[in-house]
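The values are calculated or read from the model by the stated rules, or taken from the named source; none is laboratory data. The shown structure was predicted, so the numbers you read here are calculated from the model rather than taken from an experiment. Here Cβ is always computed from backbone atoms with ideal geometry, including for glycine, and neighbour counts include all displayed protein chains.
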Amino acid sequence: MTNTSDPQRVDAVVIGGGMAGLIAAWQFTQEGLRPVLVESRGYTGGLVAGSTLAGISYDIGAEGWATRLPDSAELATELGLTVETPATAPSWVYFDDACFAMPTNAILGIPADLSDLAVISALGADEAARAAELDRAPMPEELPRDLGTLVASRMGPEVLRRLVTPIAGGIHAADPHVLSADVVSPGLRAATQATGSLAAGVALCRSRMPGGPAVASVAGGMFTMPAELHRQAERAGATIMTRMGAREVTHHGDEWLVEAAGTSRNPNPSLPPIPDGDVRSFVTPRVVVACSAGPATKLLSSVIDTAGPEMVPGAPIGHVNLALQAPELDANPRGNGMLVAPGTTTVTAKALTHMSAKWPSLAQSCPDGLHLLRVSYGRSGETNVALSVDQALADASVLLGVDLSADQVVDSQIIHWTGSLAPTTPQTRAWRDGLHRQLEALNQAGRGGIGLVGAWASGSGIAALVPQARQTVRQLV
Ligand SMILES: Cc1cc2nc3c(=O)[nH]c(=O)nc-3n(C[C@H](O)[C@H](O)[C@H](O)COP(=O)(O)OP(=O)(O)OC[C@H]3O[C@@H](n4cnc5c(N)ncnc54)[C@H](O)[C@@H]3O)c2cc1C
């Protein structure tokens, strides 16, 4: 490994080329600067990625954003992309002994109205009445901070088990007891305190949300958004270097010295690339750290105190994506898809997304009778998931209530996202807020501008990272 040059002076350095890093680089160009973005893998986009199945381009990573904030749709529009909403259909939940459509008047499965017919059919009338009774209890001085205890304490264990746990497991790949309620449903605890019941708190939060579907994406696939950010940022003067991993960030007078090295592919693609190439250094007044929690805190450890709680490892998420010639699925028997309750023994999958039913532009790309399914595996606490097309086909048959056979499989793809979605616990949230406070203090001391962006650094998912990445860059300019 050699040091190829003296440090290069640049307007800004962005470390990490996932959605957050690409937005930061693009935003710098909008502010008239020419940033350098270093990405250790051979491609940008991070956890938002596309591939092809039966010749059809589709999302293998994140497929959209939560619409509770307007920023992602605004950004898509600014980029010239068309926002797409999913087909209107409830989510279903599968238990060994039941399969039902989830109440739609809810947040993360927590109902806004416990007398809703969908709630009664999911819980039974007695259990729904018991939950309503519990939720009338006086408010404690402080509500529990984790989602699981919050729901169980206000509505009882059955609401948690039947309605919330499947949704939390499906969306956040975690048990509700490890999820910070303030992160996965911002404002819910405060609204519950203010209204005097969890159901009313959910109703209040829902009334503040924009109308329409809870998620949205980009026509043609979510993966087109990072591709467009990459293209437009480069066209506007950004330099985007893939296979280049940042190794160190240190003070350099009142600026920053960022040292990076070329990388090569790790034989295990789930592991980070190996930094064994030539070294490049950059001197800059502005740094944005946009990689996931582990590498970000390692880089920041020479700048601030990064000691924190032990991270809860992300679930070993795995997908078997199937293209099936199956006209019997034309009626979309389970709407856009379904979640499988933990502890189910008749299927091993944890969720199924009927992708070509859910996204209109994907449906248009599929010839008659062709359907794209994502069968998802890997729950929190599991260490390993064995994925196979046969198992996915068997699970899909049970979940969709339709017999599907191997000769209907036109194409398939197995994707591992091991450990990529570490849940935000109340402890990690407090620690993360402390990191932001320390960086803010550095910025105010005038010793170079530095920001920390990304899904883990901003809350949860794309909805939170978009405004945070843009705002962070605006503050550094
Ligand atoms: C299967 C799946 C489905 C999902 N579905 C949704 C969804 O529907 N809605 C939603 O909102 N979210 C979803 N998510 C989560 C969402 O994809 C992520 O929260 C988001 O894409 C994270 O973006 P990011 O830029 O913060 O991080 P990442 O995408 O992780 O990007 C970080 C980048 O930094 C790079 N990097 C790391 N270390 C270094 C270094 N030292 N130097 C240079 N580069 C480095 C990495 O290679 C990576 O490319 C999903 C995630 C997965 C895996």
Test for residue 18: is it in the same structural domain as residue 363 (by TED's automatic domain parsing) and near the ligand (Cβ under 9 Å from one of its atoms)
no
All positions within region 28-50 that are surrounded by fewer than 20 Cβ atoms within 10 Å (Cβ to Cβ), touching an Asp or Glu at 6+ places or on another chain (Cβ under 8 Å) and over 20 Å from residue 477 (Cβ atoms)
50
Close pairs (6 angstrom Cβ cut-off, 6 or more residues apart or separate chains): within 20 Å of residue 213 (Cβ to Cβ) in region 96-125, buried (at least 16 other Cβ atoms within 10 Å of the Cβ) and aromatic (Phe, Trp, Tyr) anywhere:
101/92
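Quick check on region 48-59. Is at least one of its residues part of a loop (DSSP other than H, G, I, E, B) and within 20 Å of residue 291 (Cα to Cα)? Step through it out loud before you land on a result.
Quick first cut of region 48-59, residues part of a loop (DSSP other than H, G, I, E, B) only: 48-49, 54-55.
Okay, now just the ones that are also within 20 Å of residue 291 (Cα to Cα), so 48-49.
There is at least one residue in region 48-59 that is part of a loop (DSSP other than H, G, I, E, B) and within 20 Å of residue 291 (Cα to Cα).
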Selected residue (criterion: farthest from residue 19 (Cα to Cα)) from residues of region 224-275 that are touching a strand residue (DSSP E or B) at 6+ places or on another chain (Cβ under 6 Å) and of a type in the set (Asp, Glu):
255
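If I go through region 414-428 residue by residue, how many of them are part of a helix (DSSP H, G or I) and of a type in the set (S, T, N, Q)?
Just the residues of region 414-428 that are part of a helix (DSSP H, G or I), to begin with: 426-428.
If we keep only those that are of a type in the set (S, T, N, Q) too, we end up with 427-428.
Count: 2.
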Can you list the strands (runs of 3 or more DSSP E) lying wholly within region 300-413 that have 2 or more residues being farther than 30 Å from residue 146 by Cβ, without any contact (Cβ under 8 Å) to a residue 60 or more places away in the chain and in contact with a His (Cβ under 8 Å, 6 or more places away or on another chain)?
370-377
I'd like to know if region 275-282 contains one or more residues that are surrounded by 15 or more Cβ atoms within 10 Å (Cβ to Cβ), hydroxyl-bearing (Ser, Thr, Tyr) and assigned by TED's automatic domain parsing to the domain that holds residue 27.
yes
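Within the group 425, 418, which residue is under 16 Å from the mean Cα position of the chain (by Cα), over 17 Å from residue 300 (Cα atoms) and more than 10 Å from the ligand (Cβ to nearest atom)? Can you show your working first?
Working: 418 fails: more than 10 Å from the ligand (Cβ to nearest atom).
Going through 425, 418 in turn, the sole match is 425.
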Looking at residue 392, is it crowded, with 18+ Cβ neighbours inside 10 Å and within 27 Å of the chain's Cα centre (by Cα)?
yes
Residue 57 is checked against (1) among the hydroxyl-bearing types (Ser, Thr, Tyr); (2) in the same structural domain as residue 349 (by TED's automatic domain parsing); (3) within 16 Å of the ligand (Cβ to nearest atom) and fails just one. What number does that condition carry?
(3)
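When you go through 52, 29, 67 one by one, which is the residue that is out of contact with any His (no Cβ under 7 Å at 6 or more places or on another chain) and without any contact (Cβ under 8 Å) to a residue 12 or more places away in the chain? Walk me through how you get there before you give the answer.
Working: 29 fails: without any contact (Cβ under 8 Å) to a residue 12 or more places away in the chain; 67 fails: without any contact (Cβ under 8 Å) to a residue 12 or more places away in the chain.
Testing whether each residue is out of contact with any His (no Cβ under 7 Å at 6 or more places or on another chain) and without any contact (Cβ under 8 Å) to a residue 12 or more places away in the chain leaves just 52.
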Hey, among the residues in region 429-477 that are β-branched (Val, Ile, Thr), outside any strand (DSSP E or B) and within 16 Å of the ligand (Cβ to nearest atom), which one's nearest to residue 285 (Cα to Cα)?
473
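State all residues of region 286-303 that are touching a helix residue (DSSP H, G or I) at 6+ places or on another chain (Cβ under 9 Å) and either closer than 21 Å to residue 243 by Cα or surrounded by fewer than 18 Cβ atoms within 10 Å (Cβ to Cβ) (or both); if no residue qualifies, say none. Walk me through how you get there before you give the answer.
Within region 286-303, the subset touching a helix residue (DSSP H, G or I) at 6+ places or on another chain (Cβ under 9 Å) is 286-293, 296-297, 300, 303.
Matches in region 286-303: 287, 288, 289, 290, 291, 292, 293, 296, 297, 300.
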Matching residues in region 21-50 (away from the ligand (no atom under 16 Å from the Cβ) and touching a Gly at 6+ places or on another chain (Cβ under 7 Å)) number 2
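Pick from 323, 290, 307, 315: which is within 14 Å of the ligand (Cβ to nearest atom), farther than 30 Å from residue 162 by Cβ and among the hydrophobic types (A, V, I, L, M, F, W, C)? Walk me through it before giving the result.
Working: 323 fails: within 14 Å of the ligand (Cβ to nearest atom); 307 fails: within 14 Å of the ligand (Cβ to nearest atom); 315 fails: farther than 30 Å from residue 162 by Cβ.
Step by step, each of 323, 290, 307, 315 is checked, and only 290 is within 14 Å of the ligand (Cβ to nearest atom), farther than 30 Å from residue 162 by Cβ and among the hydrophobic types (A, V, I, L, M, F, W, C).
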